[in-house]
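Below is one structure, written out as structure tokens; comments come after it.
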Amino acid sequence: MATAAAGAGQEKQLAPTLLSFFIYNPKLGPKEGEEEKKILFYHPNEVEKNEKIRNVGLCEAIVQFTRTFSPTKPAKSLHTQKNRQFFHEPEENFWMVMVVRNPIIEKHKDGKPVYEYQEEELLDKVYSSVLQQCYSMYKLFNGTFLKAMEDGGVKVLKERLEKFFHRYLQTLHLQSCDLLDVFCGISFFPLDKMTYLKIQSFINRMEESLNIVKYTAFLYNDQLIWSGLEQDDMRILYKYLTTSLFPRHMEPELAGRDSPIRAEMPGNLQHYGRFLTGPLNLNDPEAKCRFPKIFVNTDDTYEELHLIVYKAMSAAVCFMIDASIPPTLEFCRKLDSIVGPQLTVLASDICEQYNINKRISGAEKEPQFKFIYFNHMNLAEKSTIHMRKTPSVSLASVHPDLMKILGDINSDFSRVDEDEEIIVKAMSDYWVVGKKSDQRELYVILNQKNANLIEVNEEVKKLCATQFNNIFFLD
């Protein structure tokens, strides 16, 4: 349980935690006495059977009750003093429910602990987005719930849900969820035209040489440069790569001769390439060529693919090949010998170009503002508020109260279609500005003593001119 001492005295703040998470289908146990059949997954599993049935029944009742008032949009969340429940129906009749305990302030009165629940701290939109991402991540690796039912009925679906969510729920860090979870955007790597063309040409050559490759994605420094996947599939694959796969394979960045260059195959150019998924050692004839399977375009062609992630220095390429073709050790060696040397050279080129651009723009001193930018059209996201992500946690460098204001402004924006601007004078010397213009959203936090509205507006205009000079924001 996360605790943080708040101020002097015996006051402790307890962060929000996951109380329960369950998935049910009301059509599976319609008769009395069959209620348990509705439950497809329940965490924590130790909960007594009758309590599970009671909790699922309560959620069913809430959803049905709210349908009377809003048949097309049933309940999304339920607020109580101690917790908040979030409901999501990703596929017809399949309901996912997440129950989060509200943050608590623990005080001591006459030597006894007294708990005060913070009922208004959690933002519905943030945690509803987290619940939707739980489904998207499950679907990426397992396909839809319906597909599992077709493959082997309720038994297969229950097995898949248990296997996936048992591990995935441990990675949910609910105390650090914020506006970025609502956007679930993609951070793009800024590149000059020539280097971009080199990458495009590299991808075309690879797809030709390795003709079973269906889709390719190219990342550098955990930022996306190119992807052949549909946006919605790429955004969730990007989340998996940057919060789960890459952090597990962190390596010291290759600076000069930090790492021995490996010559794996005779006559091969020496290179830094290696598989992040698949065989660990290509020289081992017994090496297993197992790659994770992913499911994309599930609404349409429903493609099942093997995900091959190959990395050299800070550059990573994802090759996706049809799951009906099992990748052999021979194929992996061929891929290593073709991609390894070229990707190593390309990674050096990108690094060089990046350093040149950095020198030209000059060393930036700490600005007086921090911002989050999101573009709904290409899912581009940029944040100077968040420090580097550790596995599953993106740490914000500003006070949680300010992050909550950003979330509130975002909720206001989503209620109307028109472009608008909201300026908030926050605690102490902070100003928070939200701009929504033509499918783009910009949130700025300024720390300026004694500033007035006109000066704040001028600062935001300056920021738009320097950071977003080629993006049109309505004034």
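The values are calculated or read from the model by the stated rules, or taken from the named source; none is laboratory data. What you are looking at is a predicted structure, and each value in this text was computed from that prediction instead of being measured. With ideal geometry, Cβ positions are generated from the backbone for all residues, glycine too; neighbour counts draw on all protein chains shown. Quick note on the areas: whole protein, heavy atoms, side chains included, nothing else; ligands and nucleic acids left out. Shrake-Rupley method; radii C 1.70, N 1.55, O 1.52, S 1.80 Å.
Details
- Number of the condition not met by Lys198 [criteria: (1) touching an Asp or Glu at 6+ places or on another chain (Cβ under 8 Å); (2) surrounded by 19 or more Cβ atoms within 10 Å (Cβ to Cβ)]: (2)
- Residues of segment 195-249 that are at pLDDT 90 or above and aromatic (Phe, Trp, Tyr): Tyr196, Phe202, Tyr215, Phe218, Tyr220, Trp226, Tyr238, Tyr240.
- Exactly one residue out of Ile236, Ile199 is β-branched (Val, Ile, Thr) and within 16 Å of the chain's Cα centre (by Cα), and it is Ile236.
- Sole exception among (1) surrounded by 17 or more Cβ atoms within 10 Å (Cβ to Cβ); (2) in a helix (DSSP H, G or I); (3) out of contact with any Cys (no Cβ under 6 Å at 6 or more places or on another chain) for Cys332, by number: (3)
- From the list Lys370, Lys404, Lys389, the lone residue that is open to solvent by 20 Å² or more (accessible area, probe 1.4 Å) and modelled with pLDDT under 85 is Lys389.
- Checking the stated criteria, Ile23 turns out to be under 24 Å from Val156 (Cα atoms) and open to solvent by less than 50 Å² (accessible area, probe 1.4 Å).
- Filtered residues of segment 154-180 (kept if in contact with a helix residue (DSSP H, G or I) (Cβ under 8 Å, 6 or more places away or on another chain), at pLDDT below 90 and open to solvent by 20 Å² or more (accessible area, probe 1.4 Å)): Thr171, Leu172, Cys177
- Criterion violated by Lys449 - all others in (1) open to solvent by less than 60 Å² (accessible area, probe 1.4 Å); (2) farther than 28 Å from Ser176 by Cβ satisfied: (1)
- Residue within segment 205-215 that is in a loop (DSSP other than H, G, I, E, B) and open to solvent by 50 Å² or more (accessible area, probe 1.4 Å) present: yes
- Checklist (1) modelled with pLDDT of 90 or more; (2) farther than 16 Å from Leu157 by Cβ; (3) surrounded by 12 or more Cβ atoms within 10 Å (Cβ to Cβ) applied to Thr80, failing item: (3)
- Filtered by the rule that a residue be open to solvent by 30 Å² or more (accessible area, probe 1.4 Å) and within 26 Å of Thr144 (Cβ to Cβ), segment 32-43 gives Glu34, Glu35, Glu36, Lys37, His43.
- Scope segment 337-348; condition in contact (Cβ under 8 Å) with a residue 40 or more places away in the chain and over 29 Å from the mean Cα position of the chain (by Cα); matching residues: Ser337, Ile338, Pro341, Gln342
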